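Quick one: structure below, then a few questions.
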Amino acid sequence: MNAIEALLLGIVQGLTEFLPVSSSGHIELGKAILNINTTDNLLFSIVVHGATALSTIIVFRKELMEIFKGLLEFKNNDSFRYTMKIVISMIPVGIIGVLFEEKIESFFTGNVLFVGSMLIVTGALLTFTYFVKNTTKDVSFGRSIIIGIAQAIAILPGISRSGSTISTALILGVDKEKATKFSFIMVLLPILGATLLKLKDYFETPSISGGISMFALIIGFTAAFLSGLFACTWMIKIVKKGKLIYFAYYCFFIGSIAIIISLI
């Protein structure tokens, strides 16, 4: 992977990690278009996911600081209960990640037809939110586990994590701003956990880095971080205005193009 490819994939990762169009799906499509080996870029994956996690921390730094301060009180307060909801939401993706790791990895082999089909599913889910009105509820413990299941399904390339979790929350009646905040904060620990596991794999087998240069890694990290900051901030405004339907159109379009190309 050269610097130009790292720049393009970094931008794609940063934008699509937060916008409801599936980062994994676009990365798979990007690799297929650029003809990049889908199995030899573990180190790059670690770097760009770390970049998007950092952008999330910066955007929600005030909220995260409030949660952290509340936890230090060691009381059954709002911060403790919110943290427990986050932990509960992680259970489904944790179970699937542990029990079906090899099966999940089999989906990340540049299967354009599968990615296109899953983008259509994402578009359908986003379309449902267009008909949802009066979303004013809070994220309860029950809703957090359902949102967590949506996040677990979004492991599949083409299913948007932010799109599925925010849409599920809105369909459950959760307030738009609270749904967006919960969706982005709940993914921090899974991303950091997955990054650490990938880092462990890299140190055990350094050759799977694909021979990518340090310059290309820096380019990829910077591109993912800056585009992630932009996308995360923009996405908060989009959800508040109820404009997710436009991303549904986009998913339908890109998904259809991917399916047609794969069949041709």
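By count of other Cβ within 10 Å, fewest leading, how are C232, C251 ordered?
On the way: C232 23, C251 27.
Exposure proxy ranking, most exposed first: C232, C251.
In addition: Kindly put L196, L217, L72, L119 in sequence by how many other C-beta atoms sit within 10 Å of each C-beta, fewest to most.
Ascending Cβ contact count within 10 Å gives the list L72, L196, L217, L119.
What order do you get for E28, E17, E105 when you list them from fewest to most C-beta neighbours inside 10 Å?
Lowest to highest Cβ neighbour count: E105, E28, E17.
Roughly what angle does helix 141-153 make with the longest principal axis of the chain, taking Cα atoms, 0 to 90 degrees, to the nearest 10?
The two axes meet at around 10 degrees.
Moving to a separate point now. So what's the angle, to the nearest 10 degrees on a 0 to 90 scale, between helix 42-59 and the longest Cα principal axis of the chain?
With rounding to tens, the tilt is 30 degrees.
Compute the Rg to Rh ratio over region 115-157 from the alpha carbon atoms, using the Kirkwood formula for Rh, and round to two decimal places. Working shown, then result.
Working: Rg = 12.5 Å, Rh = 12.0 Å.
In region 115-157, Rg relative to Rh is 1.04.
If one computes P(r) from the Cα atoms of the chain, what percent of pairs lie at distances over 24 Å? Walk me through the numbers on the way to the answer.
Values: 16217 of 34716 pairs.
Taking all Cα-Cα pairs of the chain, the fraction more than 24 Å apart is 47 percent.
Oh, and also: Note down the Stokes-Einstein diffusion coefficient of region 1-154 in µm²/s, whole number, using a Kirkwood radius over alpha carbon pairs, 20 °C, and 1.002 mPa s. Walk me through the numbers before you get to the answer.
Numbers: Rh = 18.0 Å.
Rounded, D is 119 µm²/s.
Let me ask you something else. Can you tell me the length gained on complete extension of the stretch I58 to L189, counting 0.36 nm per residue apart and subtracting the Cα distance?
On the way: separation 131, 0.36 × 131 = 47.16 nm, distance 1.48 nm.
Result: 45.7 nm gained on full extension.
Enumerate the lysines that K237 could reach by cross-link, defined here as Cα to Cα under 18 Å, with residues fewer than 8 away along the same chain left out.
Hits, sequence-local ones excluded: K62, K133, K176, K178, K181.
Bear in mind that the values in this text are calculations on the coordinates, not laboratory data. A quick note: this is a predicted structure, and the numbers were derived from the prediction, not measured. Cβ: placed from backbone, ideal geometry, glycine included. Neighbour counts: every protein chain shown.
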